[in-house]
Amino acid sequence: MLRVEIAATDQIEAKRIQSVYQRGESVIKLDDEATDQAWRAGYTPVGRPAFVGLTNGEPLMYRFDVPVETSVR
């Protein structure tokens, strides 16, 4: 798993997004962005990102765990 953080727009939007994930739904745009960050970091994603939660600091960030390929060739 690779932990990825994405900046949230604001507190209200972050809480709304968090409630979407808590209902078992997802936000495709954020899932895709988390996957893209894994690619940019040099990892190959092997599944959909899992929303972990929000950070408490400033700036407010969404946290995702992205399953990535770990074998070395």
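The values are calculated or read from the model by the stated rules, or taken from the named source; none is laboratory data. These figures come from a predicted structure and were not determined experimentally. All Cβ positions, glycine included, derive from the backbone under ideal geometry; neighbour counts span all protein chains shown. Each accessible area value is taken on the protein alone, full model and side chains, heavy atoms only, with ligands, DNA and RNA left out. Shrake-Rupley method; radii C 1.70, N 1.55, O 1.52, S 1.80 Å.
Contour minus end-to-end for R23 and E69, with contour as 0.36 nm per residue of separation and end-to-end as the Cα-Cα distance?
Numbers: separation 46, 0.36 × 46 = 16.56 nm, distance 2.81 nm.
Taking R23 through E69 to full extension adds about 13.8 nm, to one decimal.
So how much accessible area does T70 have, in Å² to the nearest 10, using a 1.4 Å probe?
Estimated to the nearest 10 Å², T70 gives 110 Å².
Would you please name the trypsin sites (Lys or Arg not before Pro) within region 1-39 that are DSSP coil residues with at most 14 other C-beta atoms within 10 Å of their C-beta? If you can, show how the numbers build up before the last one.
Numbers: sites: R3, K15, R16, R23, K29; in loops: R23.
Qualifying residues, ordered by number: R23.
Using a probe radius of 1.4 Å on heavy atoms only, what accessible surface per residue do you get for the chain? Whole Å² is fine. Spell out each step's value before the answer.
Numbers: 4870 Å² over 73 residues.
Spelled out: the 1.4 Å probe surface of the chain, per residue, equals 67 Å².
With a ≥ b ≥ c the root eigenvalues of the C-alpha gyration tensor of region 7-48, is it rounded (a/c under 1.5), prolate (a/b larger than b/c) or oblate?
Working: a/c = 3.76, a/b = 1.73, b/c = 2.18.
Because a/c hits 1.5 or more and a/b fails to exceed b/c, region 7-48 counts as oblate.
Out of residues 5 or more away from L60 or on other chains, whose amide H comes under 5 Å of its own, with H placed 1.01 Å from N in the peptide plane?
A8
Residue by residue, what Karplus-based ³J(HN,Hα) values in Hz, rounded to whole numbers, does region 2-9 have, using 6.51, -1.76 and 1.60 with θ = phi - 60° and x for Gly and Pro?
For region 2-9, the Karplus-derived couplings read 10, 7, 10, 10, 10, 5, 8, 5 Hz, x marking Gly and Pro.
Just the number, please: carbon plus sulfur as a percent of the accessible area of the chain, 1.4 Å probe, no ligands or DNA/RNA counted.
On the way: 2430 of 4870 Å².
Carbon with sulfur: 50 percent of the solvent-accessible area.
Placing unit charges on C-beta atoms (Lys and Arg positive, Asp and Glu negative, everything else neutral), compute the dipole magnitude of the chain about its Cα centre in debye, rounded to 20. Before the final figure, lay out the partial values.
Working: 9 positive and 11 negative charges, 35 e Å.
So the dipole magnitude of the chain works out to roughly 160 debye.
Work out which GluC sites (Glu not before Pro) in the chain are exposed loop sites (DSSP not H, G, I, E or B, at most 16 other Cβ within 10 Å) and give the longest gap free of them.
Details: sites that count: E25, E69.
By the stated rule (loop sites, at most 16 other Cβ atoms within 10 Å), 26-68.
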